[in-house]
1. Here's a check for you: in region 249-276, which residue that is in contact (Cβ under 8 Å) with a residue 24 or more places away in the chain and not in a loop (DSSP other than H, G, I, E, B) is nearest to residue 394 (Cα to Cα)?
2. Where residues in region 381-397 are within 26 Å of residue 330 (Cβ to Cβ) and either without any contact (Cβ under 8 Å) to a residue 60 or more places away in the chain or of a type outside the set (A, V, I, L, M, F, W, C) (or both), which of them is surrounded by the fewest Cβ atoms within 10 Å (Cβ to Cβ)?
3. Would you mind stating whether residue 213 is β-branched (Val, Ile, Thr), buried (at least 20 other Cβ atoms within 10 Å of the Cβ) and over 30 Å from residue 318 (Cα atoms)?
4. Looking at (1) in a loop (DSSP other than H, G, I, E, B); (2) under 21 Å from the mean Cα position of the chain (by Cα); (3) of a type in the set (Asp, Glu), which one does residue 292 not meet, given that it meets all the others?
5. Of all residues being buried (at least 20 other Cβ atoms within 10 Å of the Cβ), among the hydrophobic types (A, V, I, L, M, F, W, C) and under 30 Å from residue 314 (Cα atoms) in region 246-279, which is modelled with the lowest pLDDT? Just the residue, please.
6. Which count do you get for residues in region 230-268 that are polar (S, T, N, Q) and in contact with a His (Cβ under 7 Å, 6 or more places away or on another chain)?
7. Can you go through 97, 29, 102 and tell me which one is farther than 28 Å from residue 371 by Cβ and either β-branched (Val, Ile, Thr) or buried (at least 24 other Cβ atoms within 10 Å of the Cβ) (or both)?
8. Taking residue 227 and the conditions (1) more than 16 Å from residue 146 (Cβ to Cβ); (2) in contact (Cβ under 8 Å) with a residue 60 or more places away in the chain; (3) polar (S, T, N, Q), which numbered condition does it fall short on, given that it satisfies the others?
Amino acid sequence: MPRAFLVVMDSVGCGGAPDADRFFNDGHPDTGANTLGHIAAACAAGKAEEGRSGLLTMPNLAALGLGHAIGLASGEDAPGLMVEPEGLWGAATEISPGKDTPSGHWELAGLPVPWDWTYFSDTENSFPPELIEEVKRIAGTEGILGNRHASGTLIIDVEGERHQQTGWPICYTSADSVFQIAAHEESFGLDRLYDLCEKLAPTLHAMKVGRVIARPFVGEPGNYTRTPNRHDYAIMPPAPTLCDWVQGAGRKVHAVGKIGDIFSMRGIDDVVKGADTTLMGHLAHLVDSAEDGSLTFANFVEFDSIYGHRRDVSGYAGHLEWFDTEIGPILARLRPDDLMIFTADHGNDPTWIGTDHTRERVPVLGKGPQTGQIGLCAFTDVAASIAAHLGVPSQGPGKSFL
């Protein structure tokens, strides 16, 4: 019985979104943003030389059709990636009204977001007074820190010492529909941070804020570091997704990375977490051991969290090359009737203005029994195609490209 592996390279967009002019970074529309295309161009121009050098080198995904997917999506060439495709390749367009993690993942799983998310649009004093009072009540503190749009790494550098002195949680947001709370694992307590986020989440979800995220960190003033113990408290999907379709057919669904958080464990049997290097090992293990007919759904977040938001072109390029190198032996171990699809949930162009996600199409690359050009498809077509491959009825609006 065939198996399926859906691998989301978080934020690895490829440009060309037809509605990019409706989405903004620091007041500037996302028109022209192209995460992969601009990274490849920067590498070719010698502008991504920190920790790596030369053309962007991704032979395994390029062989599946990555360069051609970028060209299909955006009309731009990707230096170093333009080789004759041997896999299944195309690019997908999102319709959900957001460029965030839940929107992208839900739609890839067959469920476009059926509502408009709530955003905290004011960059300073971002949160309404009644929400701040609720945080203080649950946390048992006299105040909060932050209350603004911020980079998660920068805000702990700025507020970390005062946080440890006062015990007040650091609360911040971004252009996404998200409420994030940073706290020191030792002086504030990891369990206390989780408890705060879990108790606050229903209030935010009722407001149609997509996620409450616990952002623990450790260290001392001048040397704070976020830990892998992040936990997302996301709104439950309001209808069945690919995970439910597969599980409802009596099959196993394995989550790798933050997939369990994104879907609130709906339709998921088990989950493993960790840094991307750890997750790659888990993915390899599941390729060797996952049951017949199962779905493995993986997210590799560090493209986005470490390199995209920080606008680190060299780091992003290096992580792409690391991923490609590591995925090669895994692809070689797939069974003849397995299907592994690589895609993304949105963009985060590290050459772009601002620090937020960018609205882009995403590549869709496949290694499996079928090859050839998919063309431009919908995010929901990914779910429909995986369902068709597994022989599971599709309950969403997508159409299979297999």
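The values are calculated or read from the model by the stated rules, or taken from the named source; none is laboratory data. Note that the coordinates shown come from a computational prediction; the quantities given were computed from them, not determined experimentally. Note that each Cβ is placed from the backbone with ideal geometry, even for glycine, and that neighbours are counted across all protein chains shown.
1. Here the answer is 253.
2. 391
3. So residue 213 does not fit the description; no.
4. In the conditions (1) in a loop (DSSP other than H, G, I, E, B); (2) under 21 Å from the mean Cα position of the chain (by Cα); (3) of a type in the set (Asp, Glu), residue 292 misses (2) alone.
5. 262
6. 0
7. 102
8. Residue 227 satisfies all of (1) more than 16 Å from residue 146 (Cβ to Cβ); (2) in contact (Cβ under 8 Å) with a residue 60 or more places away in the chain; (3) polar (S, T, N, Q) except (2).
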